[in-house]
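Notes follow once the structure below has been shown.
The values are calculated or read from the model by the stated rules, or taken from the named source; none is laboratory data. In this text, all values refer to a predicted model and were calculated from it rather than measured experimentally. FYI the Cβ positions are ideal-geometry reconstructions off the backbone, even for glycines, and counts take in every protein chain you see.
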Amino acid sequence: MTMQQPIYRETYCTRLRNELETGVSIERYIQSAPTFETKDDDLCYLNNFEVDKEKLAQMSNKGLSNFECARLLYEAFPNLTPMLAAYEPFWIYWAHTELFDYLRNRWSNIVVNRDGDENTQEQQIKYIQDYWFPDSSKPVRSWLSGLWWSVYLTVDENNTEDKYKLTKVLFKQEDLRTRTFGTYLLFRHRPAAKATLSFIEEHMDTTFSSSFQNKCRYMTKYLNYLGGSRQLSYMDEDFFTEMLNKKNADIAKVS
């Protein structure tokens, strides 16, 4: 539905960060429901912003994959622009309201880590910071914003059979999405992201049938190297496809 959608002001986000860094608010993130109180001065409003809260609620279903949650998140904000998606308070608001339960279900190791050891207070703070508070300098590696950007950069509205075909390739391995792609500024450029994923998908049974991660790292470093002599942000999808096809034999040799 279209409405005046509240989000947090930057001053309130700063307060949330400070309360977490001092350890005062850790307990709030351990609870099963959000207990973050706001006043009207803590909020600002987006006009004519569309939100499908039913899709946001569906994300809390524990059986869903990261790809399925990313799709729901992307579809829940049909008129979200890249400029707003790069604004940290936007994601901090949803992380502390409608998507709090989703984050608690998905990232539940605040007190005890996956090995069964109890986290120190410092580790608990770092864990919460990593998943409840985005880093605009690393949009793909930040959790909620990363899910949205992963779809935005790869969705193909012209593919009538499956517009998320390339998105599924990206989610094939979390390392590919959050580390290999997530650490390179180049992959915020849609033509580069789409060409690279199309190349992987086309050669999945040949070039990428073994040593998948190493070959993806080699490939992305190669493209980043090209940026030293070309302004890649102006290049189209055909350029990246041509460069990768020329390098295919070398990529296949990586073990």
task = Could you please find all residues in segment 206-235 being in a loop (DSSP other than H, G, I, E, B), loosely packed, with under 14 Cβ neighbours inside 10 Å and either touching a helix residue (DSSP H, G or I) at 6+ places or on another chain (Cβ under 9 Å) or modelled with pLDDT of 90 or more (or both)?
result = Thr206, Ser209, Ser210, Arg230
ask   = Say we look at segment 23-70 and pick out the residues that are of a type in the set (Phe, Trp, Tyr) and farther than 23 Å from Lys126 by Cα; which of these is farthest from the chain's Cα centre (by Cα)?
value = Tyr45
inquiry  = Would you confirm, using the coordinates I've provided, whether Leu244 is surrounded by 17 or more Cβ atoms within 10 Å (Cβ to Cβ) and under 15 Å from Val169 (Cβ atoms)?
reply    = yes
note = Taking segment 21-50 and the residues there that are touching a residue at least 40 places away in the same chain (Cβ under 8 Å) and touching a helix residue (DSSP H, G or I) at 6+ places or on another chain (Cβ under 6 Å), the one that is surrounded by the most Cβ atoms within 10 Å (Cβ to Cβ) would be Tyr29
message = I'd like the full set of residues that are surrounded by fewer than 21 Cβ atoms within 10 Å (Cβ to Cβ) and in contact with a helix residue (DSSP H, G or I) (Cβ under 6 Å, 6 or more places away or on another chain), limited to segment 86-105.
response = Pro89, Glu98
Qualifying positions in segment 52-102 - within 16 Å of Tyr152 (Cβ to Cβ) and of a type in the set (Gly, Ala, Ser) = Ala70, Ala76, Ala85, Ala86
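Each row is one residue, and each column tells you yes or no for (1) more than 27 Å from Lys194 (Cα to Cα); (2) surrounded by fewer than 16 Cβ atoms within 10 Å (Cβ to Cβ).
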{"site": "Leu80", "(1), (2)": "no, no"}
{"site": "Trp107", "(1), (2)": "yes, yes"}
{"site": "Gly116", "(1), (2)": "yes, yes"}
{"site": "Thr120", "(1), (2)": "yes, yes"}
{"site": "Ile125", "(1), (2)": "yes, no"}
{"site": "Leu147", "(1), (2)": "no, no"}
{"site": "Tyr152", "(1), (2)": "no, no"}
{"site": "Tyr164", "(1), (2)": "no, no"}
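Listed here are the residues, each with its yes/no results for (1) farther than 19 Å from Gly146 by Cβ; (2) basic (Lys, Arg).
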| position | (1), (2) |
| --- | --- |
| Glu19 | yes, no |
| Gln31 | yes, no |
| Phe36 | yes, no |
| Asn47 | yes, no |
| Lys62 | yes, yes |
| Asn66 | no, no |
| Ile92 | no, no |
| His96 | no, no |
| Ile125 | yes, no |
request  = Scan (1) of a type outside the set (S, T, N, Q); (2) farther than 20 Å from Leu103 by Cα; (3) loosely packed, with under 11 Cβ neighbours inside 10 Å for the single condition Arg9 breaks and write down its number.
outcome  = (3)
message = Being of a type outside the set (Asp, Glu), closer than 30 Å to Lys165 by Cα and surrounded by fewer than 15 Cβ atoms within 10 Å (Cβ to Cβ) narrows it down to one residue among Lys62, Lys55; which is it?
response = Lys62
